[in-house]
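Okay, so here's the structure we're looking at.
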Amino acid sequence: MFEPRNEIREMVGYHSPQVDVAVRLNTNESPFPPPQQWVDSLSEIARSVSWNRYPDRAATQLREVIAQRHGVDPENVFVANGSNEVLQTILLTYGGHGRKVATFEPTYQMYGQIARVTGADVLVGSRRDDFTLDADEIARVAGAEEVAVTFLANPNNPTGVIEPRENLEVLLRTTQGIVVVDEAYAEFADWSAIGMVQESERLIVTRTFSKTLSLAALRVGYAIGPRWMIEKLSIAVLPYHLDAFKQAATVAALSYVDEMQQRVDAITSERTRIEHRLQAVGMTVWPSGANFVLFRPQKQSTPSLWQQLLDKGILVRDCGSWPRLERCLRVTVGTEAENSLFLDAVDDLVGL
Ligand code: PMP
C-alpha cells in the first residue's frame with residue numbers, strides 16, 4: 001500500500017459525528033431555516049444560470065454586494081466555499097512548508113488542522129483557565145520568529161469567549177505575519193475587526209453564511225482584507241471554485257440579512273436560559289458570547305454524558321479530547337423546544 005505523506009499519516013481527521021437524531025445541537029448552525037421567500041426564489045435562480053458555461057471566476061456581483069454590506073471595495077473581498085475554504089486559502093497563500101502558524105488553545109481545531117495539512121508548523125499558545133487570553137502570551141507566541149499567520153476567533157469556538165479589541169491590537173503590534181480574525185459568530189459579538197482592516201495593516205477578517213445567516217448547506221464564507229492580501233488569495237484558490245448557482249443564490253440571500261440578524265436576540269435569550277439551567281445542576285459553565293455554551297460535568301460518568309444524551313436522541317459536541325477541555329461538552333442553542341428537550345434530559349441524567 002502506498003502511504004500518504006508524513007503530515008497526513010500522523011493526523012486524525014476533524015470529525016463531528018453526523019448522526020440522524022431528533023435534536024441536533026452539535027455544529028452551531030442556526031436552528032431556523034432561511035426565509036421561505038428566498039427558498040421559493042431558488043428555482044428561478046437555477047433557471048437563469050448558463051449551465052454550459054464556467055461561472056464568473058471573480059464572483060464579481062457577489063463580491064460587490066458583500067463589499068456594500070461592509071462599506072469596503074469589492075477588491076477587499078474574497079469568497080469561498082465556507083469560511084473553512086477561506087482559511088485554507090489563506091494558509092495555502094501565507095502558511096505552508098517552513099513557516100509557522102500560531103493558535104491559542106483551546107480554539108477552533110481547524111486552524112491547526114489546515115495549517116498542518118498545508119505543511120506549516122503550528123505554535124500553540126495557551127489561554128488562561130477562564131479561557132481569556134493574556135497579552136504577554138500573545139506577544140510571546142505570535143511575536144516568535146517566522147510566525148507567518150496567527151489566528152484569533154471572536155467570539156472563540158468552543159469556549160464562547162469574546163476577545164477584547166486590545167488583544168488584537170497587541171497581536172498586530174507584536175507579530176511580523178498575517179493576522180486572521182475569524183468572525184464566524186460575529187453577530188453575537190459587540191465589536192468587529194472589519195473596521196480595523198486597512199491597506200497598511202496585515203489583518204484579514206473572515207465571516208460565514210453558515211451560522212446566523214442560516215445557510216450552512218450552501219457553503220459560503222468570505223474574507224475582508226487589504227487589496228494586496230486578497231489579490232494573492234486568488235492565485236492559490238482553484239479556478240472557478242464558486243459555482244454559478246451558489247453565487248446567484250448568495251446574492252439573493254443578502255437581501256434577507258437584516259431579517260436573519262433579528263433572530264440573534266431570540267438565540268441570546270435562550271442561551272441565558274441554558275446557562276442558568278446547566279449551572280443549577282452543578283455544571284461548570286463558561287459564559288458565552290456566541291450561539292453555543294461550553295460546559296463541564298463535575299465528574300466522568302459511564303457511559304459518558306455525551307453518550308447518555310445521544311441515547312435520548314440529543315446530539316451535542318463532545319469536546320473532551322480537545323486540549324484543556326477534559327469532559328467538556330458544547331451545546332448549540334437550538335429552538336426553544338429543542339433546548340427544553342436538552343435541558344430536561346440533562347436534569348434527568350445529572351439532576352441534583
Ligand atoms: N470558524 C469557526 C470559529 C467555526 O466555528 C466554523 C464552523 N464550525 C467555521 C469557521 C467554518 O464554518 P464554515 O466553513 O461553515 O463557514
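What the table shows:
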{"quantity": "Contacts under 6 angstrom Cβ, first residue in segment 2-20 being closer than 22 Å to residue 84 by Cα, partner small (Gly, Ala, Ser) and outside any helix (DSSP H, G or I), 6 or more apart", "calculated": "none"}
{"quantity": "Residue in segment 98-115 that is nearest to the ligand (Cβ to nearest atom), counting only those that are in a loop (DSSP other than H, G, I, E, B) and at pLDDT 95 or above", "calculated": "108"}
{"quantity": "Candidates 208, 284 - the one that is within 16 Å of the ligand (Cβ to nearest atom), among the polar types (S, T, N, Q) and at negative phi", "calculated": "208"}
{"quantity": "In segment 306-352, the residues that are β-branched (Val, Ile, Thr) and crowded, with 21+ Cβ neighbours inside 10 Å", "calculated": "314, 316, 331, 332, 333, 346"}
{"quantity": "Matching option when the condition is assigned to a helix (DSSP H, G or I) and farther than 16 Å from residue 248 by Cβ, among 84, 28", "calculated": "84"}
{"quantity": "Failed condition for residue 132, given (1) in contact with a strand residue (DSSP E or B) (Cβ under 8 Å, 6 or more places away or on another chain); (2) without any contact (Cβ under 8 Å) to a residue 60 or more places away in the chain; (3) more than 14 Å from residue 182 (Cα to Cα)", "calculated": "(1)"}
{"quantity": "Residues of segment 211-228 that turn out to be farther than 16 Å from residue 35 by Cβ and of a type in the set (Ser, Thr, Tyr), as a count", "calculated": "1"}
{"quantity": "Test: residue in segment 272-280 that is among the hydrophobic types (A, V, I, L, M, F, W, C) and over 20 Å from residue 319 (Cβ atoms)", "calculated": "yes"}
{"quantity": "Hey, residue 168 farther than 26 Å from residue 214 by Cα, in contact with a Ser or Thr (Cβ under 9 Å, 6 or more places away or on another chain) and crowded, with 19+ Cβ neighbours inside 10 Å or not", "calculated": "no"}
{"quantity": "Total residues in segment 62-94, condition free of Cβ contacts under 8 Å to residues at least 40 places away in the same chain and within 16 Å of the ligand (Cβ to nearest atom)", "calculated": "1"}
{"quantity": "Single residue of 285, 293 found to be under 25 Å from residue 185 (Cβ atoms), within 27 Å of the chain's Cα centre (by Cα), assigned to a strand (DSSP E or B) and without any contact (Cβ under 8 Å) to a residue 12 or more places away in the chain", "calculated": "285"}
{"quantity": "Filtered residue count, segment 31-61, keeping only those that are outside any loop (DSSP other than H, G, I, E, B) and in contact (Cβ under 8 Å) with a residue 40 or more places away in the chain", "calculated": "8"}
{"quantity": "Residue 139 vs. criteria over 27 Å from residue 77 (Cβ atoms), small (Gly, Ala, Ser), assigned by TED's automatic domain parsing to the domain that holds residue 67 and part of a helix (DSSP H, G or I)", "calculated": "yes"}
{"quantity": "Meets criteria (away from the ligand (no atom under 12 Å from the Cβ) and under 11 Å from residue 288 (Cα atoms)) for residue 138", "calculated": "no"}
{"quantity": "Any hit, segment 236-254, residues being of a type in the set (Phe, Trp, Tyr), loosely packed, with under 14 Cβ neighbours inside 10 Å and not in a helix (DSSP H, G or I)", "calculated": "yes"}
{"quantity": "Segment 302-322, subset in contact with a helix residue (DSSP H, G or I) (Cβ under 7 Å, 6 or more places away or on another chain) and not in a strand (DSSP E or B), residue modelled with the lowest pLDDT", "calculated": "322"}
{"quantity": "Subset of segment 1-18 that is in contact with a helix residue (DSSP H, G or I) (Cβ under 7 Å, 6 or more places away or on another chain) and in a loop (DSSP other than H, G, I, E, B) - its residue that is farthest from residue 253 (Cα to Cα)", "calculated": "3"}
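For (1) in a helix (DSSP H, G or I); (2) crowded, with 19+ Cβ neighbours inside 10 Å, each residue gets a yes or a no:
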| residue | (1), (2) |
| --- | --- |
| 163 | no, yes |
| 172 | yes, no |
| 180 | no, yes |
| 191 | no, no |
| 201 | no, no |
| 204 | no, yes |
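Every residue, every condition in (1) in contact (Cβ under 8 Å) with a residue 60 or more places away in the chain; (2) within 14 Å of the ligand (Cβ to nearest atom); (3) touching a His at 6+ places or on another chain (Cβ under 8 Å), yes or no:
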site	(1), (2), (3)
127	yes, no, no
157	yes, yes, no
189	yes, yes, no
198	no, no, no
218	no, yes, no
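The values are calculated or read from the model by the stated rules, or taken from the named source; none is laboratory data. Computed from a predicted structure; not experimentally measured. Positions of Cβ are generated from backbone atoms using ideal geometry, with glycine treated the same way; all protein chains shown enter the neighbour counts.
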